[in-house]
Amino acid sequence: MEVRSFAQIQAAMRNYISAHQDKLTDFNDGGVLESQIEATAWELAMLYIRCQVGFSTFLRGLPYSVFGFEMKAGLKASTKLIFSRSKPFSYETNIPTGTIVAAGGLKFLTSQIGYIGSGALTSDEIPAIAEAVGEKYNVSAGMIKTIISSLPTDIIAVNNGGAATGGLDSEDWGAYIARFADYILGLSRTNGYGFLSGLTGTNLVRSLQIDEHFPPVNNIWNMTVYLEDGSGGMTEEAIAQVKAKIDGNRTKTNGGYRAPGINVRYLTPEKIPVHRNIRVTTTQDAMNDLGESVVIYDVTEAVKKFINSLLIGQSVLISDLIVVLRRISYIIDVKIPNQENININTHQIPRFESCTVEVIIQ
């Protein structure tokens, strides 16, 4: 689709007017006719742009809309907060629902009312959710330290005793297309692609692996499905929801994904702890601006995010980790000395354990 610019439309309108009359026409800036041409050309240029954007957006999604196949929305992370007073007081202090706190620039809001009781120094745990969706809100324990909302003056601190979990980025186009391919291959439902499409199409499951057993394990299980939801595991309640989706209810609208006579065992993967020794090279200017502690923190967080983003059965590759760390703007070289790739089996998943960072100044 050809999009014409404002200048092209304006020139075409001038030429048309000049070609279809035999009188002199005033096209000077500020003239009545020129002002009308500019206003009309501007509206037409915006119409071209809106048509192109709409055409590109909706045509791209047309093949998938036929199947009712939609992109997955992100999820908000959640955690629990404890507010503190400067000292115990003889009165109760209210902490309203919607109180805003932050970990750096990431904001969280309390989702129910909380209190610090008479004679108490701290509140009970108060649930909070992230301001927006995304994995970046899965902050570590102790990272939420800033109170943004106005609270009574006796409340001076906040902290999250446990990590914020459950945050999930909205699905990008590449992941959407890859999932659609699995969906098409799994339209029969009872094959491995059917399981994959049916489960990863929800926010219950991030990744899974299937082991088929011939003969059946314990003379019962024909297959084992290993699942995780982004945390490296799943709760019993979530696994029960997965089982219900796979089994269905034997109706035409919800026939499930399990073939008759096939017994399925659902397990979480074995978590493989990963430690990495990292040697990064940076500049003296970066060290002067940031300090060694900030460099170590940024590198550690990048390693943690990379490892915890890996799926069931994905190995920890040194080359991929180096690429991730080189994306940090002030890092000019990365070495991972005396370490090899970590091979992960289909029933395992890598999880970050620790990271030792050595900083070299060039």
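The values are calculated or read from the model by the stated rules, or taken from the named source; none is laboratory data. Predicted, not measured: the structure shown is a model, and the values here were computed from it. In this analysis, Cβ positions are derived from the backbone assuming ideal geometry, glycine residues included, and neighbour counts consider all displayed protein chains.
Tabulated data
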read-out	value
Residue match in the stretch 119-133 (condition: under 30 Å from Asp182 (Cβ atoms) and either among the polar types (S, T, N, Q) or in a loop (DSSP other than H, G, I, E, B) (or both))	yes
Single residue of Leu310, Leu290 found to be more than 24 Å from Leu187 (Cα to Cα), touching a residue at least 40 places away in the same chain (Cβ under 8 Å) and in contact with a Pro (Cβ under 6 Å, 6 or more places away or on another chain)	Leu310
Residue check, Ile116 aliphatic (A, V, I, L, M), in contact (Cβ under 8 Å) with a residue 24 or more places away in the chain, farther than 30 Å from Gly230 by Cβ and in contact with a strand residue (DSSP E or B) (Cβ under 6 Å, 6 or more places away or on another chain)	yes
Test for Ile239: is it farther than 30 Å from Phe83 by Cα, surrounded by fewer than 19 Cβ atoms within 10 Å (Cβ to Cβ) and of a type outside the set (Gly, Ala, Ser)	no
Evaluation of Leu267 against (1) over 24 Å from Gly233 (Cα atoms); (2) surrounded by fewer than 17 Cβ atoms within 10 Å (Cβ to Cβ); (3) among the hydrophobic types (A, V, I, L, M, F, W, C) (one fails), failing number	(1)
Checking Ile177 against (1) exposed (fewer than 14 other Cβ atoms within 10 Å of the Cβ); (2) assigned to a strand (DSSP E or B); (3) not polar (S, T, N, Q), the condition it does not meet	(2)
Whichever residue in the stretch 158-170 is surrounded by fewer than 18 Cβ atoms within 10 Å (Cβ to Cβ) and not hydrophobic (A, V, I, L, M, F, W, C) and, among such residues, is nearest to the chain's Cα centre (by Cα)	Asp169
Residue list for the stretch 86-106, filter: outside any loop (DSSP other than H, G, I, E, B), within 21 Å of Gly162 (Cα to Cα) and touching a strand residue (DSSP E or B) at 6+ places or on another chain (Cβ under 6 Å)	Ile95, Ile100, Val101, Ala102
Output for the stretch 270-299, where each listed residue is over 12 Å from Val359 (Cα atoms), surrounded by 14 or more Cβ atoms within 10 Å (Cβ to Cβ) and in contact with a strand residue (DSSP E or B) (Cβ under 8 Å, 6 or more places away or on another chain)	Glu270, Lys271, Ile272, Val274, Arg276
Residues being in contact (Cβ under 8 Å) with a residue 24 or more places away in the chain and within 30 Å of Leu208 (Cβ to Cβ) - total across the stretch 328-362	17
Filter pass, Leu227 being within 20 Å of the chain's Cα centre (by Cα) and closer than 12 Å to Val264 by Cβ	yes
The lone exception for Leu109 - which of (1) without any contact (Cβ under 8 Å) to a residue 40 or more places away in the chain; (2) touching a strand residue (DSSP E or B) at 6+ places or on another chain (Cβ under 6 Å); (3) assigned to a loop (DSSP other than H, G, I, E, B) it fails	(3)
Looking only at the stretch 5-61, and only at residues there that are assigned to a loop (DSSP other than H, G, I, E, B) and surrounded by 11 or more Cβ atoms within 10 Å (Cβ to Cβ), the one that is modelled with the highest pLDDT	Ser5
The stretch 242-262, subset exposed (fewer than 15 other Cβ atoms within 10 Å of the Cβ) and in contact (Cβ under 8 Å) with a residue 40 or more places away in the chain, residue farthest from Pro350 (Cα to Cα)	Gly255
Options Gly232, Gly198; residue that is surrounded by 15 or more Cβ atoms within 10 Å (Cβ to Cβ) and within 21 Å of Leu310 (Cβ to Cβ)	Gly232
